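Trainee: This is the structure, below, for whatever I ask next.
None of the figures in this text is laboratory data; all of them are computed from the coordinates on show. Bear in mind that the values here come from a model prediction, so they are computed numbers and not experimental data. Reconstructed Cβ throughout: ideal geometry from the backbone, glycine too, with neighbour counts over all protein chains shown.
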Amino acid sequence: MRGNASPGHAHRSLNELFRVVALSVLLRNGDAHLKNFGLLYTDPEADDCRLSPVYDLVCTTVFIPPDRLALTLAGSRAWPTRRTLCEFGRRHCQVDDPEGEVDRLLAAALDYRPADGVPVPARQDAPGGLWRALRREVEAAAAALAR
C-alpha cells in the first residue's frame, strides 16, 4: 500500500487496510487473501490511487470450521491475537490507535442484529440457522480479541 497508493491517499488507505484485516479476523474471514484487496484510481496517470472498498467478506469458519487466515501476519496464518493484530496496525499500517479501532469493531459486531423483516437463511447443519452459527463464530473471535 505504501508503495502504490498516492501520497495524498496512503495514510488513509493504510488505516482502511488495517480495519479490513481486523474485520476479517473478527468475522473469521479465512478467504481474505491478497486478491481481495485492490486499488482504485481514476486514470493510471492520476494521483488518486487508493484502497478500494471492502468486498468478498464471508465468515468461512461457519462452513469450514478449521479454516484459518489466508494472509500471513507475524509469520503465521493462525488467527492473530489482539496484540499481534494491533502491532500489525501500528507498525505496518501506521494506525495511531489500533486498540481503539479493534474495540470499535468489536462493539459494532457484538451489537449488530439483522433488521426486522430481513430474511436470514437457515442451514440444516447449523442449529438455529446461519445467523446463530455466524454469531457464535463472531462471539468467539471477539472474546479472543477482547482486552
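Trainee: When you scan region 81-103, do you find a residue that is under 11 Å from the mean Cα position of the chain (by Cα) and within 14 Å of residue 141 (Cβ to Cβ), even just one? Reasoning before the result, please.
Mentor: At the first step, the residues of region 81-103 found to be under 11 Å from the mean Cα position of the chain (by Cα) are 85, 102.
Filter again for within 14 Å of residue 141 (Cβ to Cβ), leaving 85, 102.
Yes, because at least one residue in region 81-103 is under 11 Å from the mean Cα position of the chain (by Cα) and within 14 Å of residue 141 (Cβ to Cβ).
Trainee: Counting only residues that are touching a strand residue (DSSP E or B) at 6+ places or on another chain (Cβ under 9 Å) and part of a helix (DSSP H, G or I), which one in region 21-40 is surrounded by the fewest Cβ atoms within 10 Å (Cβ to Cβ)? Steps first, please.
Mentor: Residues of region 21-40 touching a strand residue (DSSP E or B) at 6+ places or on another chain (Cβ under 9 Å): 21, 25, 37-40.
Restricting the remaining residues to those that are part of a helix (DSSP H, G or I) gives 21, 25.
Details: 21: 22, 25: 26.
Residue satisfying both the conditions and the ranking: 21.
Trainee: Sticking with this structure for a sec: Would it be correct to say that residue 5 is farther than 22 Å from residue 142 by Cβ, touching a Lys or Arg at 6+ places or on another chain (Cβ under 6 Å) and part of a loop (DSSP other than H, G, I, E, B)?
Mentor: Values: farther than 22 Å from residue 142 by Cβ: yes; touching a Lys or Arg at 6+ places or on another chain (Cβ under 6 Å): yes; part of a loop (DSSP other than H, G, I, E, B): yes.
So residue 5 passes the test.
Trainee: Scanning for something among the small types (Gly, Ala, Ser) and under 19 Å from residue 138 (Cβ atoms), does region 40-61 turn up at least one residue? Even if it seems obvious, please write down each step before you answer.
Mentor: Within region 40-61, the subset among the small types (Gly, Ala, Ser) is 46, 52.
The next check asks that each one be under 19 Å from residue 138 (Cβ atoms); those that pass are none.
Within region 40-61, not a single residue is among the small types (Gly, Ala, Ser) and under 19 Å from residue 138 (Cβ atoms).
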